[in-house]
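Encoded as structure tokens, the structure appears first; notes follow it.
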Amino acid sequence: VGVAQRTRQDPSLQQWGIHDPSRPLPPVIDPGPAGPPAPVPADAVVLFGGSELTGWTGAKGGPPKWAVRDGYMEAVKGSGSVRTTQAFGDCQLHVEWAAPSPAVGKDQDRGNSGVFLMDTYEVQILDSYENRTYADGSAAAIYGQFPPLVNACRRPGEWQTYDIVFHRPRFDANGALVSPARMTVFHNGILVHDNDELTGPTAWKARPPYKAHADRLPISLQDHSHPVRFRNIWIRDLEK
Ligand code: MG
């Protein structure tokens, strides 16, 4: 069974309103047990190796206020998102994360964070293990646009991986969209987005159109008030 590429013009996207509770939920797939941190390719830039937040700033600049201990960083409620000091466009990004254990809350209020490419386009982080929410807000959703093809979430507290291939949108000299952003994503090694074409920047309860931006922007991680943990974050720059 083939997996169709999902595009902005796809009727299957247009048919569903944003955060539509009747949109079908992705089928649950057991991805198998968590492993050790993934090896870092020789040509990758390590964004977080486990011990310090050099290379990251707070959302408003200045030092990030997230906690770092025992080889991971952890979102601190109210501290704001963190973003890389380096900027990236097309890239291959590897992120490992774990939802709080024991699980607290439900729906979107449970293990929520997010990986933002170009500080603009979110791959949702959520504890989607036995936690129902709207399909386009599930773990590994391209938030508000495309649910993951499957729900490959591990239990809270277990390490999970995202491997994201991202192509930035292209704009002409007048700022008009030439080609949309595209994402291929693996959650715990399982394909969840196959070259999906984004409708525009991530938003809540809205699908705003593209707005021209720089060719390189930081990666950011969302503070959504939950102590989600991260380790072993690296990136391969595909612009070179
Ligand atoms: Mg989020």
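For this structure, a couple of remarks:
- With N as its number of residues, segment 1-129 has a Cα radius of gyration that, divided by 2.2 N^0.38 Å, comes to 1.24.
- Coupling constants for segment 146-157 follow from the phi torsions by the Karplus curve (6.51 cos²θ - 1.76 cosθ + 1.60, θ = phi - 60°), and in residue order they are 10, x, x, 5, 9, 9, 9, 6, 8, 5, x, x Hz; glycine and proline get x.
- Semi-axis lengths, Å, segment 64-201, gyration tensor of Cα atoms, sqrt of 5 times eigenvalues: 26, 18, 13
- Using a probe of 1.4 Å, the accessible surface attributed to residue 83 totals some 70 Å² when neighbouring protein chains are kept in position.
- q = 0.22, 0.33 Å⁻¹: log10 I(q)/I(0) that the Debye formula gives for segment 199-240, counting C-alpha atoms only: -1.07, -1.18
- Ranking 220, 12 from most to least accessible surface, computed with a 1.4 Å probe over the protein chains only, gives 12, 220.
- Using a cutoff of 8 angstrom between alpha carbon atoms and counting only pairs six or more residues apart, the relative contact order for segment 89-240 works out to 33 percent.
- Here segment 76-111 and segment 145-165 have alpha carbon centers that stand 12 Å from each other.
- Counting only heavy atoms of the protein chains and using a 1.4 Å probe, residue 234 has close to 10 Å² of accessible surface.
- In order along segment 16-26, the Karplus-derived 3J(HN,Hα) couplings, from 6.51 cos²θ - 1.76 cosθ + 1.60 at θ = phi - 60°, round to 9, x, 5, 6, 5, x, 8, 5, x, 7, x Hz, and Gly and Pro are given as x.
- Tail fraction, Cα-Cα pairs, the chain, threshold 30 Å, whole percent: 19 percent
- These residues, 225, 51, go from largest to smallest accessible area, 1.4 Å probe, as 51, 225.
- On a per residue basis, the convex hull of the C-alpha atoms belonging to segment 134-209 measures out at 92 Å³.
- Compactness check for segment 97-163: Cα Rg over 2.2 N^0.38 Å is 1.00.
- Distances between placed amide hydrogens fall under 5 Å for residue 223 paired with 81, 82, all partners being 5 or more residues away or on another chain.
- Pairwise FRET efficiency - residue 8 versus residue 212, Cβ, R0 = 22 Å, nearest 0.05: 0.85
- You can think of it this way: the chain between residue 42 and residue 30 has 1.3 nm of extra reach, that is 0.36 nm per residue less the Cα-Cα gap.
- Shape of segment 64-105, Cα gyration tensor, a/c cut at 1.5: prolate
- Cα gyration tensor category, rounded, prolate or oblate, for segment 1-72 with a/c compared to 1.5: prolate
The values are calculated or read from the model by the stated rules, or taken from the named source; none is laboratory data. Bear in mind that the values here come from a model prediction, so they are computed numbers and not experimental data. Glycine also receives a Cβ, built like all others from the backbone with ideal geometry; neighbour counts cover every protein chain displayed. Calculation scope for accessible area: heavy atoms of the full protein, side chains included, ligands and nucleic acids excluded. Shrake-Rupley method; radii C 1.70, N 1.55, O 1.52, S 1.80 Å.
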